[in-house]
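The structure under discussion appears below in the form of structure tokens.
Only the coordinates and a few stated rules stand behind these numbers; no lab work does. Owing to the predicted nature of the structure, the values given are computational and were not obtained by experimental measurement. Backbone-built Cβ (ideal geometry, glycine too); neighbour counts: all protein chains shown.
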Amino acid sequence: MTDNSDSYMITVIGHGEFEQQDRTLLQSIERQQIDVHYHCREGFCGACRTRIKKGSVTYLTEPLAYINDDEILPCCCRANSDIEIELD
Amino acid sequence: MKYTTFNQHTVNALLEPMFFGHPVNVARYDQQRHSIFEKLIEKQISFFWRPEEVDVSKDRVDFQQLSDSEKHIFISNLKYQTLLDSVQGRSPNIAFLPIISLPELETWVETWSFFETIHSRSYTHILRNLFTDPSEVFDDIVVNEEIKVRASDISKYYDDLIFATQLWQTQGEGIHQAYGETHVINMRELKKKLYLCMCSVNALEAIRFYVSFACTFAFAERKLMEGNSKIIRLIARDENLHLTSTQHILNLWADGKDDPEMAEIAIECREQSTAIFLQAVEQEKQWATYLFQHGSMIGLNKDILCQYVEFIANHRMRAIGLEAPFAITDNPLPWMNTYLNSDTVQVAPQESEISSYLVGQIDSEVSSDEFDDFDL
């Protein structure tokens, strides 16, 4: 399920573009020193809920928190294509 | 409709709404209308913990060294947490179980409430360690005006739903007289009361609790009262899960994925729902004034706590499809994230039910070559 060799580009609207390097999307975002809200980091609290504009992600663990069709939980997923996301 | 503890009619639970369908009969989880509740039960049970496992003895020394204003903050906060869990330990059971029509949701509510009772027992564990006789603290919870204002707001929606359900289940729909008052009981009114109650529960667990967590962790940031903080971290992890469950319920309704009438009510009650959240925010701000009335503490004061209330309210309101009403966008208490991260909740693997540790301990696959060097 996780292929660490996949390198996709992540665009965070208003924060620029970078390459996915870490196990989770949240870690990749944090590496860029972008301030992102999180609590559980396991997909059950929903604090990191983020809108995805383009592309898609694969979940490492199934999210328990409620997410809309256009939302993802960066703490427990990684990109499986180039993606564009918008933080609150 | 009269409540029955075992409905003897055949009911297809896959077609029932979450609430106000037929009473549940067989507690079965092999099939689920809303599988999320079964997943939440599994997750919650995997979090099982006991307050006695956390050593709070060092807190007694720390407590003696706090200033009077800090003691006021710490104890008032603990009183408030005790109140919240006193309500949550019983109310979801009493209010929701009589009207739930799905076995997985019924069991989720029971599991949820059970964990609230662990929280309540942990406050006694904390207070017994700090005081030889904690009665003074407990006794004040029902007489302290500041706490009472909150208590009545928190219990109001529960009480309203519970009373209306009791009238409905004993006398049916209609206009009933009780305690000198006239009550109009029909399904639409019952469902509205349920909707508002769920909003109020979400506001309680998603906003009110977090204000109290911020106060606890502000002490831990200064390496004070760390035993207490460890317990509150375990409580916060549970509460994270609970608020997820009420967000799911509210969103399942709003998205029309459950009872279509509840989707109409969600639209109809949008303003009232927003008002419940704003009222909770206002009360938490007043509470912050009370907490810091004798002075602030390092790392936390009234203004920062009020900003945090607004920040967290924005997030929580957006999560259930309401507008974020406050201008604040940056987290004024970034260190809160660390305390709410479930990875850093320290537990020994054999004590915590980490799934990878327990599942697959027994290798149930035996291949025929295992017997290769076996002679009779």
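Which residue fluctuates most in the GNM of chain B (Cα springs below 10 Å): B:PHE292, B:PHE131, B:PHE37? Maximum fluctuation in the GNM of chain B, among the listed residues, is at B:PHE131. Relative to one another, the C-alpha centroids of the range B:39-95 and the range A:44-67 are positioned 30 Å apart.
Between A:VAL57 and A:ASN80, the built amide H atoms are under 5 Å apart, and every one of these is 5 or more places off in sequence or on another chain.
Using the Cβ-Cβ distance between B:PHE131 and B:GLU181 with R0 set to 41 Å, the FRET efficiency from 1/(1 + (r/R0)^6) comes to roughly 0.45. Taking a straight Cα-Cα cut-off under 24 Å and skipping sequence neighbours fewer than 8 places away in the same chain, the lysines within cross-link reach of B:LYS193 are B:LYS2, B:LYS148, B:LYS156, B:LYS257.
Springs between alpha-carbon atoms under 10 Å, Gaussian network over chain B: tell me which of B:HIS242, B:HIS125, B:HIS183 tops the mean-square fluctuations. Largest GNM mean-square fluctuation: B:HIS183. Taking amide H positions as modeled 1.01 Å from N, with prolines and chain starts lacking one, the residues under 5 Å from B:ALA178 and 5 or more places away or on another chain are B:HIS183. Averaged over peptide B:331-340, the number of partner chain Cβ atoms lying within 10 Å of each residue's Cβ comes to 3.
In summary, the aspartates and glutamates within cross-link reach of B:LYS191, defined as a Cα separation below 18 angstrom excluding same-chain residues under 8 places away, comprise B:GLU16, B:GLU106, B:ASP159, B:ASP160, B:GLU173, B:ASP255, B:ASP258, B:ASP259, B:GLU261, B:GLU264, B:GLU268, B:GLU271. By its C-alpha gyration tensor, with a ≥ b ≥ c as the square roots of the eigenvalues, how is the protein assembly as shown shaped: rounded for a/c under 1.5, else prolate for a/b larger than b/c, else oblate? In terms of gyration-tensor shape, rounded. The HN-Hα couplings worked out from phi for the range B:125-137 by the Karplus form 6.51 cos²θ - 1.76 cosθ + 1.60 (θ = phi - 60°) are 4, 5, 6, 4, 6, 7, 10, 4, 10, x, 4, 4, 5 Hz, whole numbers, x standing for Gly and Pro.
Taking B:TYR29, B:TYR195, B:TYR179 as the candidate residues, the one with maximal mean-square fluctuation in a Gaussian network model of chain B, Cα springs under 10 Å, is B:TYR179. Stokes-Einstein diffusion of the range A:9-86 at 37 °C, 0.692 mPa s viscosity, Kirkwood radius from Cα pairs, rounded to a whole number: 271 µm²/s. Taking other Cβ atoms within 10 Å as a rough exposure proxy, B:MET187, B:MET225 sort from fewest to most as B:MET187, B:MET225. Contact order, relative form, for chain B: 20 percent (alpha carbon pairs under 8 Å, 6 or more residues apart, mean separation divided by residue count). Residues whose amide H falls under 5 Å from that of A:TYR38, counting only those 5 or more places apart or on a different chain, are absent, with hydrogens built in the peptide plane. Listed values for the range B:285-300 are Karplus-derived 3J(HN,Hα) couplings in whole Hz (6.51 cos²θ - 1.76 cosθ + 1.60, θ = phi - 60°), namely 5, 5, 4, 4, 4, 5, 4, 9, 5, 9, x, 8, 10, 4, x, 8, and x replaces Gly and Pro. Converting phi to 3J(HN,Hα) with the Karplus coefficients 6.51, -1.76 and 1.60 and the offset θ = phi - 60°, the range B:138-148 yields 4, 4, 5, 4, 8, 10, 5, 4, 4, 6, 4 Hz in sequence order, with x at every glycine or proline.
Check the straight Cα-Cα distances from B:LYS230 and name the aspartates and glutamates below 14 Å, setting aside those fewer than 8 residues away within the same chain. Answer for B:LYS230, where 14 Å is the Cα cut-off: B:GLU52, B:GLU53, B:ASP55, B:ASP59, B:GLU221, B:ASP238, B:ASP343, listed by chain and number.
Taking other C-beta atoms within 10 angstrom as a stand-in for reagent exposure, A:ASP82, A:ASP69, A:ASP22 fall in the order A:ASP69, A:ASP22, A:ASP82, fewest first. Charge tally around B:ILE298: other residues with Cβ under 13 Å, Lys/Arg +1 each, Asp/Glu -1 each, net 0.
Of the trypsin sites (Lys or Arg not before Pro) found in the range B:1-77, the ones in coil according to DSSP and having at most 13 other Cβ atoms within 10 Å of their Cβ are B:LYS2, B:ARG28. Here the relative contact order of the range A:9-86, from alpha carbon pairs under 8 Å that lie six or more residues apart, stands at 38 percent.
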